[in-house]
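To keep things clear, I will list the structure first and then write my remarks on it.
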Amino acid sequence: DRTTCWLLGDQLNTDLDVLDAADDVLLIEAHGFADRKPYHAHKLTLVFSAMRHFRDDLRERGHDVTYVRAASFGEGLDEFFAERATGADDGDDAEPRLRLMRPASHGAGERLRELVADRGGTLELVDNELFWTTPADWSEWSGEGETVGDDEPLLGDDGAAERTYRQEHWYRHVRRETGVLMDDGEPVGGEWNYDDLNQETPPDDWEPPARPTFEPDELTRETHAWVRERFDTWGNDSLDGFAWPVTRGEAREALDRFVRDGLPAFGRYQDAMAGGEPFLSHSLLSPAINLGLLDPREPVRAVERAYEKRGIEPGAYDPTERGGSDAGATSLDDFGSDEAEGDGDAAEGDDGDAAEGDDGDAAEGDEPAPVPLNAVEGFIRQVIGWREFMRHVYREAMPELAEANQLDQDRELPPAYWDGETDMRCLSEAVGHVREFGYAHHIERLMVLSNFALVYGADPAELNEWFHLGFVDAYHWVTTPNVVAMGSFGTDVLSSKPYASSGNYVNKMSDHCADCRYAVSRTTGEGACPFNALYWDFLKENEETLRGTGRMGLMYSHVDGKDDAEWESIRERADRVRELARSGEL
Ligand code: FAD
């Protein structure tokens with residue numbers, strides 16, 4: 001019997017088993033969703049262009065592809081079924097059979113199964129190969145503790161979780177199960193986590209590696225022109241700055257570039273922010289991974305391989321001393337790694353020698369820089385730790401997660417999130433990056449964009465929608481746990497305290513505050529950094545929930561240390577900041 005493999009717009013991978021096993025392929029470009037909200041023009045261009053390129057790629061590889069453009073999946077299926085009925089011979093296709101990898105979005109599999117059944121076909125749902133771990137892997141891991149009945153919601157009405165999950169435990173479990181970065185059952189280098197080495201900021205004269213750019217081809221330009229004409233979009237609607245990979249070949253190249261140029265400094269500057277530098281040493285791979293152009297195993301394995309070839313001890317590489325991506329040649333042997341130490345002659349002092357020796361050697365100029373273990377481990381944790389973890393937490397905690405709001409925050413997002421107009425340099429930079437590229441890196445997302453919304457008191461569901469429509473890598477399954485749980489503390493399902501901070505964090509991790517109109521050193525009065533008063537006011541307002549978490553003791557000792565007069569000025573300043581933010585004058 002003939003089976004059609006239906007692939008969704010975030011399942012664009014040519015190497016899937018589900019594809020090999022099918023007779024033909026269905027792709028439905030359903031665009032009605034983009035009529036309902038003003039998505040970033042680059043996001044729509046990316047998704048639709050990648051689908052169209054994927055269609056062509058599949059056809060070139062000999063697949064029989066039906067590509068339908070429609071307002072909704074229902075209409076797309078109508079067209080597909082009508083085509084099948086006309087083309088049917090010998091009654092062969094009376095009842096089309098489709099197979100689909102389980103969609104990442106909550107409830108979508110069941111909805112699509114019904115749509116197919118309503119039209120007289122059958123839809124079989126199979127595991128989604130584009131995640132490394134399966135729902136069964138997760139249950140096996142999480143089932144070790146107390147269990148919650150399947151019918152019981154994980155989150156109560158107040159957002160408080162019946163059961164909580166911690167990423168670090170999951171991450172270690174996945175490392176053990178997959179053997180990634182493991183050495184005889186122990187983590188390579190002896191530690192699971194080298195985050196303490198990943199909190200530096202680059203000096204002013206450090207230049208991040210050039211962003212890999214993929215020039216829009218004819219098909220992308222055509223798609224972009226259609227997007228502009230057809231939809232009301234938000235953000236940069238020209239193609240300037242659109243440089244995302246739209247094919248698997250480009251995605252592979254983006255990965256190679258990251259491993260060669262970005263990885264060496266990835267760890268060290270992972271949490272840093274710098275004015276005018278949207279990308280730093282981040283991989284910029286999430287758009288390609290989330291579309292399916294890259295299987296998440298690929299970046300992890302590539303980074304592991306880079307460690308085998310170019311690996312050095314944690315922290316043993318200083319990107320500023322070696323002059324960036326074309327610094328000296330390296331191998332484990334050159335840099336006194338555990339293995340090299342066994343040789344007896346690779347003393348630590350070799351660091352300097354190797355660098356000097358290579359400087360003058362033109363032939364070695366293109367050799368990539370070494371990759372310290374803290375960068376390698378840090379990157380791998382993001383993918384097999386955080387990404388997989390978020391996907392499963394989303395599965396477990398939906399549908400309640402989308403509406404979770406344990407702090408009862410309900411303020412409308414300030415206009416600065418839409419127009420980027422604010423004198424707060426950190427916020428205007430971060431929103432500016434989103435408007436321009438549909439991208440901001442993790443610390444801008446967490447410690448500026450969602451931290452500000454959190455201490456301001458914004459509604460987590462509205463913030464989630466903002467992230468969802470503004471970012472090129474945003475899908476409901478990934479924004480919802482990141483924005484509602486991690487960023488807004490709408491629930492404690494994945495963290496026991498909120499990611500809330502005053503201006504101090506931004507000051508420590510960026511160069512923004514020095515050039516900002518607001519004084520980070522002051523909490524109250526005109527001109528004081530808005531983050532400061534909002535932060536203390538937030539702690540005071542949410543004392544009942546937060547003091548009890550047990551992890552806020554230090555913060556509440558500071559709260560307790562402030563007298564009434566101080567609180568009065570804090571409250572006054574916080575009110576004033578909220579008023580300015582609301583009226584677009586912050
Ligand atoms: P890198 O810093 O190079 O990290 C490598 C990879 O790790 C990423 O490509 C991504 O695949 C993965 N990763 C790291 N952290 C996470 C995480 N918390 N959740 C899922 N994957 C992770 N990620 C998205 O893919 N889409 C989103 O819409 C999204 N929204 C976010 C919203 C908020 C409020 C926060 C705090 C985080 C969000 N993230 C999201 C996670 C993370 O910030 C992005 O994956 C990352 O910034 C993407 O850029 P990059 O590829 O350069 O990442």
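The values are calculated or read from the model by the stated rules, or taken from the named source; none is laboratory data. Just so it is clear, the structure is predicted and the values come from calculations on it, not from any experiment. Cβ coordinates were reconstructed from backbone atoms using ideal geometry, including for glycine residues, and neighbour counts include every protein chain displayed.
Please verify whether PHE379 is part of a helix (DSSP H, G or I), within 13 Å of the ligand (Cβ to nearest atom) and either under 19 Å from ALA160 (Cα atoms) or touching a residue at least 40 places away in the same chain (Cβ under 8 Å) (or both), treating the condition exactly as stated. Yes, satisfied. Listed by first and then second residue, the pairs linking a residue in the stretch 259-280 that is farther than 16 Å from GLY311 by Cβ to a residue that is in a strand (DSSP E or B), with Cβ atoms under 9 Å apart and 6 or more places separating them unless they lie on different chains, are ALA272/SER510; MET273/SER510; ALA274/SER510; GLY275/SER510; LEU280/MET273; LEU280/ALA274. Residue by residue through the stretch 236-271, note down the ones that are assigned to a loop (DSSP other than H, G, I, E, B), crowded, with 23+ Cβ neighbours inside 10 Å and within 15 Å of the ligand (Cβ to nearest atom). Across the stretch 236-271, the qualifying residues are TRP244, PRO245, GLY267, ARG268, TYR269, GLN270.
Among the numbered conditions (1) near the ligand (Cβ under 10 Å from one of its atoms); (2) crowded, with 18+ Cβ neighbours inside 10 Å; (3) not β-branched (Val, Ile, Thr), the only one that TYR499 does not meet is (2).
Residue-by-condition table, conditions (1) touching a strand residue (DSSP E or B) at 6+ places or on another chain (Cβ under 9 Å); (2) over 20 Å from GLN382 (Cβ atoms); (3) surrounded by fewer than 24 Cβ atoms within 10 Å (Cβ to Cβ):
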| residue | (1), (2), (3) |
| --- | --- |
| LEU427 | no, yes, no |
| LEU449 | no, no, no |
| PHE452 | yes, yes, no |
| ALA461 | no, yes, yes |
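The condition (being more than 16 Å from the ligand (Cβ to nearest atom), in the same structural domain as ASP410 (by TED's automatic domain parsing) and touching a Pro at 6+ places or on another chain (Cβ under 9 Å)) is satisfied by just one residue among TYR518, TYR456: TYR518. There is at least one residue in the stretch 180-203 that is crowded, with 17+ Cβ neighbours inside 10 Å, at positive phi and among the hydrophobic types (A, V, I, L, M, F, W, C).
Listed here are the residues, each with its yes/no results for (1) at pLDDT 95 or above; (2) of a type in the set (D, E, K, R).
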residue	(1), (2)
ARG99	yes, yes
ALA104	yes, no
LEU115	yes, no
PHE131	yes, no
GLY145	no, no
GLY149	no, no
ARG172	yes, yes
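Selection within the stretch 22-37: residues that are under 24 Å from the mean Cα position of the chain (by Cα) and over 28 Å from ARG61 (Cβ atoms). The member of this set that is surrounded by the fewest Cβ atoms within 10 Å (Cβ to Cβ) is ARG36. Considered as a group, the residues in the stretch 473-492 that are surrounded by fewer than 24 Cβ atoms within 10 Å (Cβ to Cβ) and more than 7 Å from the ligand (Cβ to nearest atom) include one that is farthest from ASN290 (Cα to Cα), and that residue is ASP492.
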